[in-house]
1. What percentages, rounded to whole numbers, describe P(r) for the chain computed over all alpha carbon pairs with 10 Å bin width beginning at zero?
2. How much mean residue ellipticity at 222 nm does the chain get from its helices, if each DSSP H run of length 4 or more adds -39500 (n - 2.57) and you divide by all residues, to the nearest 500 deg cm²/dmol?
3. Which three extents, in whole angstrom, do the alpha-carbon atoms of segment 151-264 cover along their principal axes, largest first?
4. To make sure I understand, if each residue's beta carbon is the centre and we count other beta carbons within 10 Å, what order do 216, 245 fall in, fewest to most?
5. Could you work out the percent of alpha carbon pairs in segment 209-280 separated by over 18 Å, rounded to a whole number?
6. Taking Cα atoms, how many degrees apart are the long axis of helix 2-15 and the longest axis of the chain, rounded to 10 and kept between 0 and 90?
7. Using Cα pairs closer than 8 Å and at least 6 residues apart in sequence, work out the relative contact order for segment 151-264, in percent.
8. What's the center-to-center distance, using Cα atoms, between segment 99-125 and segment 216-276 in Å?
């Protein structure tokens, strides 16, 4: 407990640093979020100052609310510590979202979303999934394009993905599926699905034969920067309440690449905070 209090005290001190210290280097919100994630591995305490110590809302249901909850996770690191590799990071207004590889009580792949106010993190969401072997097309859960392009097309690309989520995944209007893709040119990073619309169709058919349904009910938010768009949705998978984080790369007005993380939502009896999984 003394270690945890020391971490929180340090955060309070650093968050009230002088203006001259702050002006030494003005970091973007994206840089702050990446630094905080990387500090989980390095143990660097400085990025804790990027969290608002008086207002930090946690949506990871297995972690207690506030800065104390974050500190408790760090305090319980296994021998050898955590490993963190931020593969992609993006910024959309007050939000930063990152695609990350973890060794965090086991190897995982995840998405983290941070909300900033006045340069400080005030809210956090994430979705985590165990790391898997390469998929039928030889892709991992995180490889592929990382370069941000077409920033001027951000609004249009977000609208395209929103339309895809609503029309295809929520409403199930498969008659319009091909309009979102350039033929069968579609790179897939889901561990169980091969490339192309054909690969998606085969996977859905195989799940149907096993009596497994993938249901999207609500899209909570769509975030994007340039050619990358993240959609966060809620539904069910195999009858279990599920949080869907889908990252798309858009090229020439068509969906070209896809990464995702599905996470079963904990029953309310196991929540360590009362903020819910979504609440955007």
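Each value in this text was obtained by applying a stated rule to the coordinates, not by laboratory testing. Only a predicted model underlies this, so the values are computations on that prediction, with no experimental measurement involved. Because the Cβ atoms are built from the backbone with ideal geometry, glycine has one as well, and the counts that use them run over all protein chains shown.
1. Here the calculated profile for the chain is 6, 27, 35, 21, 8, 2, 0.
2. On the way: 6 runs with 67 residues, N = 280.
Helix-only estimate at 222 nm: -7500 deg cm²/dmol.
3. Projected onto its principal axes, the Cα set of segment 151-264 covers 43, 28, 25 Å.
4. The order, fewest Cβ neighbours first, is 216, 245.
5. Percentage above 18 Å: 49.
6. 90 degrees
7. Numbers: 212 pairs, mean separation 31.5, N = 114.
With pairs under 8 Å counted, the relative contact order is 28 percent.
8. 14 Å
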